[in-house]
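Accompanying notes for the structure given below.
Values quoted throughout were computed directly from the atomic coordinates according to the rules given, and no laboratory measurement underlies them. A quick note: this is a predicted structure, and the numbers were derived from the prediction, not measured. FYI the Cβ positions are ideal-geometry reconstructions off the backbone, even for glycines, and counts take in every protein chain you see.
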Amino acid sequence: MSQTVDRALSILPLLAEGPAGLEQVAARLDVHKSTALRLLRTLHEHGLVYRQRDQRYRLGARLFALAQQAVEALDIREIAHPHLAALNERTGHTVHLAVYEQGEVVYIDKVDSRYPVRMHSRIGRPVAITVAAVAKLLLADLPEPERRTVAERLDYPRYTARSTPDAAAFLAELERVRAQGWASDLGGHEESINCVGAPIHGPDGRVWAAMSLSAPNVVVGADALLRLRPLILRTAHAVGEELSGRPGGPPATGADGDPFDGEGTDGGAARTEAPPAGPACAGPASAGSPAAGPAPAEPAPAGPAHEEPSGAEPGGDVTNDEDTDA
């Protein structure tokens, strides 16, 4: 990068701190005022900075317009899919990607399990918002007043004994999710389905999407699935880094300090042999739902392989070859 371009670009983060005068800009860049003025004029001509009446400069409207266009051009699904596919390849389990839109948490991508037991979840359909892991992650990131409003207007179906019972329990669970940086649904929608999810942060640091790894008890128990949490967090982090234009950045740890190279990341325990062909399971509630109350630490009781249909009525049809809501 040329020295002139480098100096010009260095002005933008300076003005992001607030309006600054010519002398202040020159001092920060360690250049003569005439050089600073020339750079500011060039940026002003392109609408990237604006000169106020008090002769100080601030960031220009054109810069905000460009930033908004860049954000709108981001395709989370396109960026995330290779990472979801890699997680599926490594573990064999179903992987979901979800976003929060117009009061609903909706799956926007899915990679099916690599064994006969399949989850009944469909892209484009809403998840069971009060129990799904993805829903908890997405709603936990909302401002507290909005979180409370959403929680208080929801119904709380008792899908199983582990379902979130009411708004108070749901809000407590969302606080827990915010603190620990991940979420789970262990038998909250269907007793035999477990799910662990992680948030995907956008360039602004907010949770733009959530992803989850789901499996029925007939394939892997809740304890074994929870041991894959570091791998799930690492995958979500990688998506967020690419989404923010920082590919190859150092992996972060979860909010609770979990390292990403811990137990369950070597793929050995993650992968399970395909069980005998049987009824396909409905997909587990994807991470991010406001509903599910505190996730039980112990594995959900094993039962018939059923994946939790996202947003579907409990007891929905189960088939081997057609996916329904997870």
- Note on the structure: Diffing the stretch 151-159: the Karplus 3J(HN,Hα) column from phi (6.51, -1.76, 1.60, θ = phi - 60°), in whole Hz with x for Gly and Pro, holds 4, 6, 9, 7, 8, 10, x, 8, 4
- Note: the stretch 1-128, point scatterers on Cα, Debye, no solvent; log10 I/I(0) at q = 0.10, 0.21 Å⁻¹ equals -0.57, -1.13
- Query: How do Val31, Val219, Val95 rank when sorted from fewest to most other Cβ atoms within 10 Å of their own Cβ?
  - Reply: Val31, Val219, Val95
- For Ile200, distant residues with modelled amide H under 5 Å away: Trp208, Ala209, Ala210, Met211
- Query: Which of Ile123, Ile232, Ile129 comes first, and how do the rest follow, when ranked by fewest Cβ neighbours within 10 Å?
  - Reply: Ile123, Ile232, Ile129
- Item | Full-extension gain in nm, Asp223 to Ser34, via 0.36 nm per residue minus C-alpha separation | 61.5 nm
- Query: Once amide H atoms are placed 1.01 Å from N in the peptide plane, what residues at a sequence separation of 5 or more from Val131, or on another chain, have their amide H within under 5 Å of its amide H?
  - Reply: Ala291, Ala292
- Query: Residue-wise, which Karplus ³J(HN,Hα) couplings in Hz belong to the stretch 20-25, taking 6.51 cos²θ - 1.76 cosθ + 1.60, θ = phi - 60°, and x for glycine or proline?
  - Reply: 9, x, 4, 4, 5, 5
- From phi via Karplus (6.51, -1.76, 1.60), per-residue ³J(HN,Hα) for the stretch 170-186 in Hz, x at Gly/Pro: 5, 5, 5, 5, 5, 5, 5, 5, 4, 6, 8, x, 7, 9, 9, 9, 9
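Order these by the 10 Å Cβ neighbour count, fewest first: Ser184, Ser163.
Placing the least packed residue first, the sequence is Ser163, Ser184.
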- Cα-Cα pairs of the stretch 3-71 separated by more than 21 Å (percent): 17 percent
